[in-house]
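Asker: Attaching a single structure in structure tokens format; questions to follow.
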Amino acid sequence: MIIYTNPGNPFGLKLLICAKFAKKEVQVKTVSINDAEIKDMKHLPILQLPSGVQLFSTDVAAKYLLQGETPVIQRDEWLEWSTTRLAPALAHNMAVGSRQDANAKPILNSLVKFLDDCLSKNTFLTGEKLTSADISVWSLLAPDGTLKGAQNIDNLLRWYRAIKVMPEVTAALEQLPLAELSFASLQHSNKFGGLHHIVLDPEIIDFEGQVLKDTSDNIAATVQKEEIQAAKDLFVPVVEREVVEEKIVLPKAGQKNNLITSALPYVNNVPHLGNIIGCVLSADIFARYSRLCGYNTLFICGTDEYGTATETKALAEKLTPKQICDKYFEIHNSIYRWFGIGFDYFGRTTTAEQTQIVQEMFIELYNGGFIETRAVDQLLCQKCDRYLADRFVEGTCPHPGCGYEDARGDQCDACGKLVNAIELIRPRCKVCNTSPIIRQSSQFFLDLPKIEPKLKEWVDRAENGWTNNARVITRAWLKEGLKSRCITRDLKWGIPVPLEGYEDKVFYVWFDAPIGYMSITSRYSKEWKQWWQPEQDKKIDLFQFMAKDNVPFHSVMFPATLLGIDKGHTLVSHIMATEYLNYEDGKFSKSRGIGVFGNDAYDTGIPADVWRFYLASARPEGQDSSFSWNDLAARNNSELLKNVGNFVNRALVFCEKYFDQTVPPMVLNEDDFTLLALINRELRGYVNQMERARLRDGIRHLLQVSRYGNQYMQSEEPWVLVKGTDDQKARAGTVIGLCVNFACLIATLLFPFMPSTARNLYAQLNIKSGHINPDKPQMRILIPSGHKIAKPVVLFNKIEQTKIDELKKKYGGVQQPAATEQKAVGKGGNKLFNSLAEAQKAVDEQAAKVRKVKSTGADKSVWQPEVNILLELKKQLQTLSQPRTSGSLSALSGSDATAAAQPPKSDPDAVKTLEAEIAAQGEKVRTLKGSGAEKAVWQPEVAVLLGLKEKLAKLTGGAPAAAASAGGKKKNKK
């Protein structure tokens with residue numbers, strides 16, 4: 001076996017120590033993440049097995065090396081705790097400069113105290129015997145400085161020293177010495193720059209003491225002389241930038257022109273918080289930042305209004321598609337206005353301009369030879385006199401072993417597999433419930449294979465500006481090979497095909513919707529082509545914000561259309577794709593009243609700016625995240641009220657009370673310039689993150705500025721100085737003058753996230769606005785001595801726990817815990833039937849119930865429990881249908897019954913090997929799915945995992961589900 005690791009990586013030490021305890025011969029190879037020897041692996045360390053299989057999860061590798069450990073559950077929980085909680089907290093806490101996170105210290109205090117408490121009860125983490133859990137935690141604490149200044153951790157130190165002197169550990173340290181270990185090495189261990197992409201969870205803090213002494217002085221000690229000199233040189237009055245408000249924004253030669261779009265929200269629903277942060281709010285924050293930097297910026301969006309979903313909604317609400325679009329366009333528009341979304345223009349796709357541009361682009365593709373005509377089998381409902389789109393047909397799933405009777409025309413909810421509507425068994429029209437017939441219909445296809453070479457060449461050039469999930473998803477599509485895609489449908493609601501004989505067909509929504517960006521821009525200005533077909537001297541950077549499910553349309557489909565036309569259209573340079581935002585670890589559901597939707601936010605009484613700040617701070621940038629009422633209150637009360645609001649209000653009130661609202665003279669000393677150098681680090685970090693639309697990290701840097709301000713006031717105590725000698729009063733004036741300037745900087749950094757709050761603060765400072773110099777992000781004198789400020793007022797109000805409890809209950813809906821589903825199944829699914837006919841009748845009745853519930857248009861969360869009951873009933877029916885040689889199990893007696901229930905004996909070594917394979921394959925599946933890859937990429941790996949579990953089940957004599965935990969995700973109860 002081989003351990004591939006980069007120099008100083010504590011996770012590499014973890015694997016080596018595990019191997020020593022397992023008495024396995026391993027070779028340690030020191031490599032870099034870009035080393036050809038490790039091929040496409042993107043994480044270090046890696047454990048390569050003799051078979052060539054590479055395990056990149058150190059937890060899986062540890063369990064593979066030390067098989068047979070007990071207790072398994074506690075060990076697994078500690079392994080997950082060390083990897084997902086302790087390691088990120090240590091990495092953030094031990095970083096310096098802009099990478100340091102002030103939230104890390106209290107979180108790490110809590111984690112270390114938790115460790116010490118647990119070790120006060122046992123010799124080791126899981127009991128009286130050392131396991132891989134101890135090795136994992138010990139390796140993370142081994143690098144120098146992790147427990148610097150620690151106090152009152154006698155149990156932890158006893159445990160640490162006992163492990164350090166073990167022969168296996170000392171042998172490992174001879175190969176990987178302690179002195180070389182460093183958390184800085186993690187920056188080079190993966191493509192994400194270490195663990196800094198992992199956002200620390202403030203809810204971990206459940207201990208308010210101080211185990212690790214504050215090391216703020218160490219941060220100041222890292223400031224270099226060059227940084228201090230730069231702070232001195234640049235702390236001069238800022239040069240005001242002349243801002244010309246233009247009625248129509250058009251690109252300009254020699255300037256940075258940012259065209260910003262948000263994925264067009266579909267018009268048939270009310271957007272929830274996840275929808276809002278996933279596209280329009282993220283785009284708005286970035287657009288405001290872009291304007292602060294003086295970039296020539298245009299931000300456009302609108303509602304996507306054509307397609308089957310609109311027709312479905314119209315049927316459900318007994319309105320015409322046009323009426324549905326008008327109704328929900330106004331709902332969307334009003335919601336976004338309340339949230340302060342500052343579109344330059346918010347339009348819609350049901351316009352004459354959209355029809356004209358879409359039809360013209362189709363004709364150009366058609367004349368260029370990029371359109372194919374094919375005969376397609378479709379389902380025709382003779383009663384409704386219409387071809388049925390996928391969402392209008394249901395039937396029995398055609399996939400072997402499934403047979404679910406309510407599969408949709410595009411996917412089966414029972415087995416999760418994709419479905420071709422014409423392959424459904426016993427299909428039925430969702431509108432009238434009659435059986436459709438198959439008819440051939442001629443449709444147009446975009447010839448993507450013909451455009452693919454040019455598309456690949458463009459992706460190679462453009463993808464560096466995309467988020468990681470956008471790159472992964474796009475590469476998965478290209479790796480699989482593009483196929484021609486149908487771009488027309490036999491529907492009524494859509495843009496007609498402009499060819500003779502095809503007037504009854506419309507364009508499929510995926511083809512016409514992205515063109516909406518152009519048509520909406522054309523409604524904004526007649527000179528719209530300057531943005532979308534620019535002259536050579538006007539470079540356009542196109543930023544498109546969306547959730548990850550929209551990526552293929554923006555990275556493959558729409559660019560392919562534009563490349564096929566080949567008329568110099570603007571192509572996306574920055575795809576900013578988020579993961580998904582859940583609601584309190586569940587899903588938003590309008591029908592069940594679960595979650596906050598756009599029109600609910602106003603009713604909560606919480607200001608729009610607080611919503612904006614919280615959603616940006618919880619933005620699912622690298623992985624799915626969850627909205628939490630407690631987290632919302634904590635961030636408002638701690639980060640906004642106690643941190644930002646407290647500092648700004650103290651500074652301005654002090655200026656008003658002791659200096660007659662006038663900024664006093666400032667004479668800075670070396671400590672002040674050191675502070676300015678630290679502020680400059682945060683300002684540079686803010687700009688670096690915001691340029692890449694990493695909004696969460698932008699917030700982290702601006703909060704650190706106010707933390708430095710609070711620390712500065714506390715250490716300098718101007719309320720004491722102002723009562724002292726003349727020199728002390730002058731020093732108090734310098735402190736307050738600097739703090740007023742910091743408050744002005746905070747207002748500017750806060751503006752993209754909280755525009756109303758920033759304007760309020762600008763008004764208190766008695767200035768119009770601020771701006772950012774992205775080329776030289778350095779602190780300057782923003783408010784000079786002698787400037788008179790206005791009356792200070794409080795910026796933020798506390799959100800009380802009683803209010804949170806009230807809102808939790810109001811928007812919690814009719815929650816159905818897991819026990820409810822089991823109880824529901826018990827009413828029918830676990831019923832004992834006396835005959836096959838009785839079981840068949842129960843299945844038929846439940847299937848009819850499912851169809852009825854789904855036909856109402858109810859949310860999936862409403863009908864899924866009924867589907868679960870149906871699937872359980874079908875299992876029982878299948879069991880009753882199978883022939884039996886010696887009666888049912890209940891008919892057996894005594895030793896015969898016992899023997900029948902006993903699983904066959906299995907080879908323990910074979911079981912362990914198979915369990916390790918399942919764990920490795922499960923980790924591979926989770927990684928692929930977590931990367932945002934297409935289903936076509938990870939589904940085959942899921943099939944491999946299920947096959948391994950089936951094999952294990954046969955080997956142990958258990959049900960396949962019994963093996964699920966070997967590859968599934970363990971819930972962390974620590």
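The values are calculated or read from the model by the stated rules, or taken from the named source; none is laboratory data. These numbers were taken from a predicted model, which means no experiment stands behind them. A quick note on method: Cβ atoms are made from the backbone with ideal geometry, for glycine too, and the neighbour counts reach across all protein chains shown. The accessibility values were calculated without ligands, DNA or RNA, using every heavy atom of the protein model including side chains. Shrake-Rupley method; radii C 1.70, N 1.55, O 1.52, S 1.80 Å.
Asker: Taking segment 580-603 as the region of interest, how many residues are in a loop (DSSP other than H, G, I, E, B) and open to solvent by 10 Å² or more (accessible area, probe 1.4 Å)?
Answerer: 9
Asker: Identify all residues within segment 656-672 that are open to solvent by 30 Å² or more (accessible area, probe 1.4 Å) and assigned to a helix (DSSP H, G or I); write none if there are none.
Answerer: The answer is Glu656, Lys657, Tyr658, Phe659, Glu670, Asp671.
Asker: Of the residues in segment 450-469, how many are more than 14 Å from Leu542 (Cβ to Cβ) and in contact with a strand residue (DSSP E or B) (Cβ under 7 Å, 6 or more places away or on another chain)?
Answerer: Looking only at that region, the number is 2.
Asker: Could we say that Ala677 is open to solvent by less than 20 Å² (accessible area, probe 1.4 Å) and in contact with a Cys (Cβ under 6 Å, 6 or more places away or on another chain) here?
Answerer: No.
Asker: Please list, ordered by first then second residue, the pairs with beta carbon atoms under 7 Å, 6 or more apart or interchain, first in segment 231-257 and within 30 Å of Thr674 (Cβ to Cβ), second open to solvent by 60 Å² or more (accessible area, probe 1.4 Å) and assigned to a loop (DSSP other than H, G, I, E, B).
Answerer: So the pair list comes out as Pro237/Pro784.
Asker: Go through the residues of segment 632-655 one by one and say whether even a single one is open to solvent by 10 Å² or more (accessible area, probe 1.4 Å) and under 24 Å from Ala283 (Cβ atoms).
Answerer: yes
Asker: Take the residues of segment 545-563 that are touching a residue at least 40 places away in the same chain (Cβ under 8 Å), aliphatic (A, V, I, L, M) and in contact with a Ser or Thr (Cβ under 9 Å, 6 or more places away or on another chain): which is surrounded by the most Cβ atoms within 10 Å (Cβ to Cβ)?
Answerer: Once the filter is applied, the top-ranked residue is Val551.
Asker: Ok, one more. Name the one entry in Ala287, Ala253, Ala309, Ala316 that is open to solvent by less than 10 Å² (accessible area, probe 1.4 Å) and either at pLDDT 90 or above or more than 23 Å from the chain's Cα centre (by Cα) (or both).
Answerer: Ala287
Asker: Then there's this: Test Ile804 against the stated conditions and say whether it is assigned to a loop (DSSP other than H, G, I, E, B) and modelled with pLDDT of 75 or more.
Answerer: No: the conditions fail for Ile804.
Listed here are the residues, each with its yes/no results for (1) within 23 Å of Val556 (Cβ to Cβ); (2) at pLDDT 95 or above; (3) in contact with a His (Cβ under 6 Å, 6 or more places away or on another chain).
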{"position": "Gln440", "(1), (2), (3)": "no, no, no"}
{"position": "Asp447", "(1), (2), (3)": "yes, yes, no"}
{"position": "Ala462", "(1), (2), (3)": "yes, no, no"}
{"position": "Val497", "(1), (2), (3)": "yes, yes, no"}
{"position": "Glu503", "(1), (2), (3)": "no, no, no"}
{"position": "Ile520", "(1), (2), (3)": "yes, yes, no"}
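Asker: So, restricting to strands (runs of 3 or more DSSP E) that lie completely within segment 340-434, which ones have at least 1 residues that are among the polar types (S, T, N, Q)?
Answerer: Strands (runs of 3 or more DSSP E) meeting the threshold: 371-381, 393-396.
Asker: Also, I was wondering about something else. Of all residues in segment 730-752, which are open to solvent by less than 10 Å² (accessible area, probe 1.4 Å), touching a helix residue (DSSP H, G or I) at 6+ places or on another chain (Cβ under 7 Å) and not β-branched (Val, Ile, Thr)?
Answerer: Those that are open to solvent by less than 10 Å² (accessible area, probe 1.4 Å), touching a helix residue (DSSP H, G or I) at 6+ places or on another chain (Cβ under 7 Å) and not β-branched (Val, Ile, Thr): Ala732, Gly733, Leu738, Cys739, Phe742, Ala743, Cys744, Ala747, Leu749, Leu750, Pro752.
Asker: Pairs please, first residue from segment 564-575 and over 12 Å from Met518 (Cβ atoms), second anywhere and open to solvent by less than 40 Å² (accessible area, probe 1.4 Å) and assigned to a loop (DSSP other than H, G, I, E, B), Cβ atoms under 6 Å, 6+ apart in sequence or on different chains.
Answerer: From residues that are over 12 Å from Met518 (Cβ atoms), the pairs are Gly564/Phe370; Ile575/Trp466.
Asker: Still on this structure, I have one more. Tally up the residues in segment 42-65 that are open to solvent by less than 30 Å² (accessible area, probe 1.4 Å), assigned to a loop (DSSP other than H, G, I, E, B) and out of contact with any Phe, Trp or Tyr (no Cβ under 6 Å at 6 or more places or on another chain), please.
Answerer: The total comes to 3.
Asker: Given the condition out of contact with any Cys (no Cβ under 8 Å at 6 or more places or on another chain), within 23 Å of Thr578 (Cα to Cα), modelled with pLDDT under 95 and open to solvent by less than 50 Å² (accessible area, probe 1.4 Å), answer yes or no: does some residue in segment 604-613 qualify?
Answerer: No - not one qualifying residue is present in segment 604-613.
Asker: Right, next: Please tell me if Asp624 is modelled with pLDDT under 90, open to solvent by 20 Å² or more (accessible area, probe 1.4 Å) and over 15 Å from Lys808 (Cβ atoms).
Answerer: Against the criterion (modelled with pLDDT under 90, open to solvent by 20 Å² or more (accessible area, probe 1.4 Å) and over 15 Å from Lys808 (Cβ atoms)), Asp624 qualifies.
Asker: Still on this model: Within segment 147-159, count every residue that is within 17 Å of Leu125 (Cβ to Cβ) and modelled with pLDDT under 90.
Answerer: Adding up the residues that qualify gives 7.
Asker: For segment 515-524, how many residues meet the condition of being open to solvent by 10 Å² or more (accessible area, probe 1.4 Å) and either polar (S, T, N, Q) or within 18 Å of Val497 (Cβ to Cβ) (or both)?
Answerer: Of the residues in that region, 1 qualify.
Asker: Would you be able to say whether some residue in segment 702-719 is free of Cβ contacts under 8 Å to residues at least 24 places away in the same chain, out of contact with any Gly (no Cβ under 8 Å at 6 or more places or on another chain) and over 22 Å from Glu639 (Cβ atoms)?
Answerer: yes
Asker: Scan segment 760-768 and tell me whether some residue there is free of Cβ contacts under 8 Å to residues at least 12 places away in the same chain and within 26 Å of Ile285 (Cβ to Cβ).
Answerer: yes
Asker: What helices (runs of 4 or more DSSP H) lie completely within segment 697-776 and have 2 or more residues being among the small types (Gly, Ala, Ser)?
Answerer: By residue number, 726-750, 755-765.
Asker: Quick one: count up the residues across segment 238-286 that are hydrophobic (A, V, I, L, M, F, W, C) and in a loop (DSSP other than H, G, I, E, B).
Answerer: Result for segment 238-286: 13.
Asker: Turning to a different aspect of this structure: If Asn6 passes every condition in (1) surrounded by fewer than 21 Cβ atoms within 10 Å (Cβ to Cβ); (2) within 32 Å of the chain's Cα centre (by Cα); (3) closer than 23 Å to Gly922 by Cβ; (4) at pLDDT 85 or above but one, which one does it miss?
Answerer: Failing condition for Asn6: (3).
Asker: Give me the pairs: first residue in segment 77-96 and farther than 17 Å from Pro45 by Cβ and surrounded by fewer than 22 Cβ atoms within 10 Å (Cβ to Cβ), second residue at pLDDT 85 or above and among the charged types (D, E, K, R), beta-carbon distance under 7 Å, and six or more apart or on different chains, which are they?
Answerer: Going by the 7 Å Cβ cut-off, the qualifying pairs are Glu80/Asp59.
Asker: Give me a count of the residues in segment 497-514 that are in contact (Cβ under 8 Å) with a residue 12 or more places away in the chain and either among the charged types (D, E, K, R) or over 17 Å from Ile575 (Cβ atoms) (or both).
Answerer: Of the residues in that region, 12 qualify.
Asker: Here's a follow-up. Only residues in segment 445-470 that are closer than 30 Å to Lys505 by Cβ count as the first member; pair them with residues that are among the β-branched types (Val, Ile, Thr) and open to solvent by less than 20 Å² (accessible area, probe 1.4 Å), Cβ under 9 angstrom, at least 6 apart or cross-chain, and list the lot.
Answerer: Pairs found: Phe445/Ile487; Phe445/Thr488; Leu446/Ile487; Leu446/Thr561; Leu448/Val556; Ile451/Thr561; Leu455/Val556.
Asker: Taking segment 469-489, which residues are assigned to a strand (DSSP E or B) and open to solvent by 10 Å² or more (accessible area, probe 1.4 Å)?
Answerer: Within segment 469-489, Arg485, Cys486, Arg489 meet the criteria.
Asker: Could you tell me how many of the residues in segment 112-130 are part of a helix (DSSP H, G or I) and either buried (at least 20 other Cβ atoms within 10 Å of the Cβ) or of a type outside the set (A, V, I, L, M, F, W, C) (or both)?
Answerer: Qualifying residue count, segment 112-130: 6.
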